[in-house]
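Report on one structure; see the data block that follows.
The values are calculated or read from the model by the stated rules, or taken from the named source; none is laboratory data. Remember, it's a predicted structure, so these values are computed and weren't measured experimentally. Here the Cβ positions follow ideal geometry from the backbone for every residue, glycine too, while neighbour counts run over all protein chains shown. Surface accessibility is based on the protein's heavy atoms, side chains included, excluding ligands, DNA and RNA. Shrake-Rupley method; radii C 1.70, N 1.55, O 1.52, S 1.80 Å.
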Amino acid sequence: MLQQVNGHSSGLDAHGGEALREDLQEFLGQEAPLHLLDDLTKVNPVTLETVLRCLQARYMADTFYTNAGCTLVALNPFKPVPQLYSPELMREYHTAPQPQKLKPHIFTVGEQTYRNVKSLIEPVNQSIVVSGESGAGKTWTSRCLMKFYAVVAASPTSSESHKVAERIEQRILNSNPIMEAFGNACTLRNNNSSRFGKFIQLQLNRAHQMTGAAVQTYLLEKTRVACQASSERNFHIFYQICKGASADQRLQWHLPEGAAFSWLPNPDRTLEEDCFEVTREAMLHLGIDTPTQNNIFKVLAGLLHLGNMLFADSEDEAQPCQLMDSAKCSLRTSASLLCLPEDPLLETLRIRTIRAGRQQQVFRKPCSRAECDTRRDCLAKLVYARLFDWLVSVINSSICTDPNSWTSFIGLLDVYGFESFPDNSLEQLCINYANEKLQQHFVAHYLRAQQEEYAVEGLEWSFVSYQDNQTCLDLIEGSPISICSLINEECRLNRPSSAAQLRTRIESALAGNPCLGHDKLSREPSFIVVHYAGPVRYLTAGLVEKNKDPVPPELTRLLQQSQDPLLKVLFPTDPEEKAQEEPSGQSRAPVLTVVSKFKASLEQLLQVLHSTTPHYIRCIKPNSQGQAQTFLREEA
Ligand SMILES: Nc1ncnc2c1ncn2[C@@H]1O[C@H](COP(=O)(O)OP(=O)(O)OP(=O)(O)O)[C@@H](O)[C@H]1O
Ligand SMILES: [Mg+2]
């Protein structure tokens, strides 16, 4: 068995020198050249080996798109292929009598979807689900489809309305660099990894022209603001500011050249994503004027200085921790950039206030150094998450249109793919839960499509067996007891519970579910979920705390005192909100956990998807190094 590396046969055998099955050999030897097969369902026999061989042959021939029944498989070229995405090619697919007869392409999917809207056959609304692992090309593909619709679904050409139309299409496209600057980061697997999920609804009028759009985001990885894995980076925007600010702005934002920030790791690495001007230009197009932009960047600079506020251990537990000498200046700068009074900022980070008793007496308790760090990080996460949500709402108000002016939509879904690391936690549980839901949606659609095909061919329908993942979903989200409900219950009861106790509770309450397993060799308490894509081990330590995502009310109150215009918008002094912020136990409002919020937004998303005709694009990463011309079958 030969394996192709950089276009050359290496002679390596990826499968331990096993001889090829006879039928495979026959297929590989006799069939038409593999790279000419443009539908994976045509390979015969259909095995993982033949499918991967076919994709590999196509990749080596610079053919990046292949059909697989009702799905389009997209291989990441890892190199610019401009002719593949030119406006001329978009028009060719758009005007072709039968675009599906052209070479497989994302434009075939884009055009088919568009024609479905025009056909008015129910459900008229369409969705394109783009899936794949990190770095496979989901965001690239979604962006490209948005450009396709900006060309083919452009508004009329009369000079005046054309200008208006261009503005809306351009605005929709301009939302991308902004959301990527604030929501993407360089990770080990992708230099431009989306750290949030996104569903964009492109709205079409009766004449099938794009008149507006609406964006919905999911689960921003806000912890990245204050904590980055080694060799990874914070969100792009921080690097854009530090690299792109003018001398004058550097003075205003206290960002001298070469300044070191603990929340800005790997600053020397330059990426093509470090384009401050592109972000600023896009913000301007979306109505975020220069003073507001400068305000945003000033607040972000304030967060960078906040990250340099390092505390020293306190010798006396009754006394608050002191700032390290080197951090005193950071306190001053951060407070000034965030327009917060210096002393209350420091006090809030190092002293906890507890209300207790009938009279709600206030007690002040000095925090340990670790607690001070947690509160500092929490403050940054709180500001960043609200800023991100605010930006999304500004983008939405800039690209939205009057609800009466559109009649149908095409939705594009770009969500994080299935994740499995050596240690997995709540983030992976949510992401993999979303992928299980999407998988179920896909399987249901696939079976329906098969049934229809059988009916057209006059064949009697017999059930095609396909892995049903309902059991796994029952384990994660089922009622009355599931992993989600058990984690939520721990948050609601607010009882001290160790990682081992949580594991025991999950194991005993859900023992009957075949998708639950445990790793006997694992030193740390954990449980295994057998997902459709494989088993994943989740550590129970920290799950409950992450699910609570507690924000000490003092932090919100502090930010409400800020004199900064942007922070005033992000943290209004709303009496209702104040009541909500009271620590649980003091208010009777139900505890809104991360899992319950995520579950609700996922249900809403699936409701939208169910109401549409779905299309699927599966992005594949041909190798984990991001190299062009390299297809490693064991990595794909
Ligand atoms: N069709 C393409 N042509 C050229 N380059 C591409 C293409 N698709 C992807 N790439 C390259 O691969 C990189 C990773 O793609 P992308 O950011 O879309 O991955 P992703 O699936 O969204 O990953 P994540 O889940 O981490 O967000 C891009 O930055 C780009 O350099
Ligand atoms: Mg992405």
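Side notes on the structure shown:
- If the condition is being within 9 Å of ligand 1 (Cβ to nearest atom) and out of contact with any Lys or Arg (no Cβ under 9 Å at 6 or more places or on another chain), then segment 83-109 contributes L84, I106.
Each row is one residue, and each column tells you yes or no for (1) within 24 Å of L304 (Cβ to Cβ); (2) outside any helix (DSSP H, G or I); (3) not basic (K, R).
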site	(1), (2), (3)
V362	no, yes, yes
K365	no, yes, no
T374	yes, no, yes
D377	yes, no, yes
V383	yes, no, yes
R386	yes, no, no
N396	no, no, yes
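- Filter pass, W253 being open to solvent by less than 70 Å² (accessible area, probe 1.4 Å) and within 22 Å of P565 (Cα to Cα): yes
- Counting the residues of segment 501-524 that are in a strand (DSSP E or B) and surrounded by 17 or more Cβ atoms within 10 Å (Cβ to Cβ) gives 1.
- Annotation: of all residues in segment 126-141 being crowded, with 21+ Cβ neighbours inside 10 Å and in a helix (DSSP H, G or I), the one that is farthest from ligand 1 (Cβ to nearest atom) is T141.
- Qualifying residue in segment 49-60 (condition: modelled with pLDDT of 95 or more and of a type in the set (V, I, T)): no
- The set of residues from segment 398-415 being in contact with a Ser or Thr (Cβ under 7 Å, 6 or more places away or on another chain) and not aliphatic (A, V, I, L, M) comprises T401, S405, W406, G411, D414.
- Where V569 falls short, out of the listed (1) within 28 Å of V394 (Cα to Cα); (2) hydrophobic (A, V, I, L, M, F, W, C); (3) surrounded by 17 or more Cβ atoms within 10 Å (Cβ to Cβ): (3)
- Sole residue being away from ligand 2 (no atom under 14 Å from the Cβ), in contact (Cβ under 8 Å) with a residue 12 or more places away in the chain and part of a loop (DSSP other than H, G, I, E, B), chosen from L188, L202, L220: L188
- Verdict on G302 being open to solvent by less than 10 Å² (accessible area, probe 1.4 Å) and either without any contact (Cβ under 8 Å) to a residue 12 or more places away in the chain or over 22 Å from I395 (Cβ atoms) (or both): yes
- Screening L426, L412 for residues that are away from ligand 2 (no atom under 16 Å from the Cβ), open to solvent by less than 40 Å² (accessible area, probe 1.4 Å) and touching a helix residue (DSSP H, G or I) at 6+ places or on another chain (Cβ under 8 Å) leaves exactly one candidate, L426.
- In segment 55-66 there is no residue that is in a helix (DSSP H, G or I), within 16 Å of ligand 2 (Cβ to nearest atom) and either free of Cβ contacts under 8 Å to residues at least 40 places away in the same chain or open to solvent by less than 40 Å² (accessible area, probe 1.4 Å) (or both).
- Number of the condition not met by R364 [criteria: (1) crowded, with 17+ Cβ neighbours inside 10 Å; (2) within 30 Å of A541 (Cα to Cα)]: (1)
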